[in-house]
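These notes are about the structure you will find just below.
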Amino acid sequence: MPRVFTVLVLLWALPHASVEGRPLRKEEPSPPSIHTVFSAECNDYFDWQTVALEHSFRTSGQPGPLTRLLSCNPKDLGTYRGMDLAPTFVVPSWSRHPKTGDWYPAINKPLSILHWLTHADVTADYVVILDADMILRTPVLPWELGAAPGTPVSARYGYLEGCANELVRLHASDPERCDRVGGFMVHYTQDLRKLAPLWLSKTEEMRADRAHWHLMGDIYGQGWISEMYGYAFGASEAGLVHKIDDFTMLYPGYVPAEGTGPKILHYGLPYGVGSWTWEKGHYRHTDLVNTCRVFPEPPNPAELPSTDPSRRRGDLLGIECMVGINRALLEHHAKRGGCKEIFEDFGNGTVHRKEGHVAASAKEQEHVAAFRATPEMRTAGAGRGAGSESGSGRFVAARSVENGESGDRKGEENAGTVAGKADDSADVIERDAAARSNAAASRALNPRVLTQPLDEMPNGVLWAALVYVILVAFWLVTTRRMTQSRPRPRASLEGFRGLEGAVGRAETGKAKE
């Protein structure tokens, strides 16, 4: 019976043991690891964008690390005051090309990716590439979007006309394989290593081909989107075929398709809500990080007209974008401990405007709860996952009349026209609670950012050895006790045979007498 008990205990202990930190029992494979990066420059314009993106990265629950690829020359780096704004990897600046003298700051994006992959210890399975003028609403998970080795994911950019005219025949070896994509990118890391040098060289090639800039579809006609063609043609040469995504990214002011909500807001275009308008380019030389300032507040969602549910839903996302950027700036100012002359009682969530400063009022603090309380926002962030290439998944522009714009701007359009409809539910969703929920879910999905209590983790090899030693000792003790408790035999088999022989001889002697 003790031996049976020992065997049962061993069978229980074996699945809980591990060798070199790897459990012996079969477990479900862990999700791939993710590294999120974005390129920026060391100036005021990119600094406030960095503050906004870094804040949204934390509140969205995006798993894995975030790295800012900072393009900065040594002279400017010596006086730069924003190294603490985000985890940073410094890369050379080619805003002015070192060989050709061409002024084209956008080339820093492929250069920074190549430099980072070459000189940093990048171990993640997937890399999510964002622009600085994006904010995250919910986690961008490669396996949800359909990314895989050989299959990156990116947003549809239908205006890349060069993928279907003479331009692609001049610059791509396979004119039939050119994906009209841009914005965010999700890449298997090894694919990105193969693409990065091609992305850079094709960008240089496009900048040099001034005679064909007019074929790009760029409204400025100055080759400003050469980097986007560098990416498209480079991916073609690398043999990568994109899964084109219509749902993950949205420009504020646009309306998502019914039942979807963007994971990324890309505020690269001017937009407005009612009489309030905003354009990031107006703040190119404004220091909002080292001075106590935020952006003019958007309208209160409660004051929006509700006659057009589609328009209202787009307006709410536009308000959410600006509220998120301002909250990031307010948190930044509070963290640095300054701005007391501007922001009063920030700790309890109340901010007052003082004369002569662009600062948020107390009303803005109510916006986050307000726009989450609206029925239209219930489905925000709960999109269809990988997305679809059908016409029903594309964006429609919802510009304000005050902007004097209707429809898409040529340089940043997304094809298709479908307006989302409002959800009639009245559930209230608080952003902070959603952020905590998203963060917890993302940590659960990615064990590399998961911290477990010791008693919930698989036992290590030392624990297995200790259990084994205890069980062996228990087996030896019980076996010895069983041996000692058995009745001893009177004689061995040999002794019995000897005795039998002696009896036989004695009987033979008596017969002779």
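How far is it, in nm, from the label point at Arg96 to the one at Ala334 when both lie 7 Å from their Cα along the line to the Cβ?
Modelled inter-label distance: 4.2 nm.
Could you give me the ³J(HN,Hα) list for segment 217-232, computed from phi with Karplus coefficients 6.51, -1.76, 1.60 and θ = phi - 60°, whole Hz, x at Gly and Pro?
Using θ = phi - 60°, the values come out as x, 7, 5, 8, x, 10, x, 5, 9, 4, 5, 5, 6, x, 5, 4 Hz.
Compare Phe46, Phe38 by solvent-accessible area with a 1.4 Å probe and give them largest first, with all protein chains kept in place. Before the final figure, lay out each step's value.
Numbers: Phe46 40, Phe38 0 Å².
Ranked list, largest accessible area first: Phe46, Phe38.
Net charge within 10 Å of Phe184 by Cβ-Cβ distance, Lys/Arg positive one each and Asp/Glu negative one each, not counting Phe184 itself? Present the calculation step by step, with values, prior to reporting the outcome.
Working: positive: Lys263; negative: Asp131, Asp245.
Here the count lands on -1.
State, to one decimal in nm, how far the label point of Ser173 lies from the label point of Ala208, with both points 7 Å from Cα in the Cβ direction.
Between Ser173 and Ala208, the simple spin-label model gives 1.7 nm.
Over segment 110-223, average the accessible area per residue using a 1.4 Å probe and give it in Å², no decimals. Working shown, then result.
On the way: 4120 Å² over 114 residues.
For segment 110-223, the per-residue accessible area is 36 Å².
Just the number, please: carbon plus sulfur as a percent of the accessible area of segment 34-250, 1.4 Å probe, no ligands or DNA/RNA counted. Walk me through the numbers before you get to the answer.
Details: 3980 of 7620 Å².
Within segment 34-250, the accessible surface is 52 percent carbon and sulfur.
For segment 233-275, what does the accessible surface come to per residue with a 1.4 Å probe? Please give it in Å².
Numbers: 730 Å² over 43 residues.
That works out to 17 Å² for each residue.
Val122 to Phe474: FRET efficiency via 1/(1 + (r/R0)^6), r the Cβ-Cβ distance, R0 56 Å, to the nearest 0.05?
On the way: r = 50 Å, r/R0 = 0.89.
For R0 = 56 Å, the calculated efficiency reads 0.65.
Can you pull the one-decimal nm distance between simple spin-label points at Arg81 and Asn290, each 7 Å off the Cα toward Cβ?
0.4
So the label point goes 7 Å from the Cα of Tyr283 along Cα→C-beta, right? Which residues of segment 241-275 then have their backbone N under 16 Å from it?
So the set is 252-253, 265-273.
How many lysine pairs are close in segment 34-250, with Cα atoms under 17 Å apart and the two 8 or more places apart or on different chains?
Values: Lys99/Lys202; Lys109/Lys194; Lys109/Lys202; Lys194/Lys202.
Lysine pairs, 8 or more places apart or on different chains, close enough: 4.
The values are calculated or read from the model by the stated rules, or taken from the named source; none is laboratory data. Here the structure is a predicted model, which is why all the values come from computation and not from measurement. Glycine gets a Cβ as well: all are built from the backbone with ideal geometry, and neighbour counts include every protein chain shown. Each accessible area value is taken on the protein alone, full model and side chains, heavy atoms only, with ligands, DNA and RNA left out. Shrake-Rupley method; radii C 1.70, N 1.55, O 1.52, S 1.80 Å.
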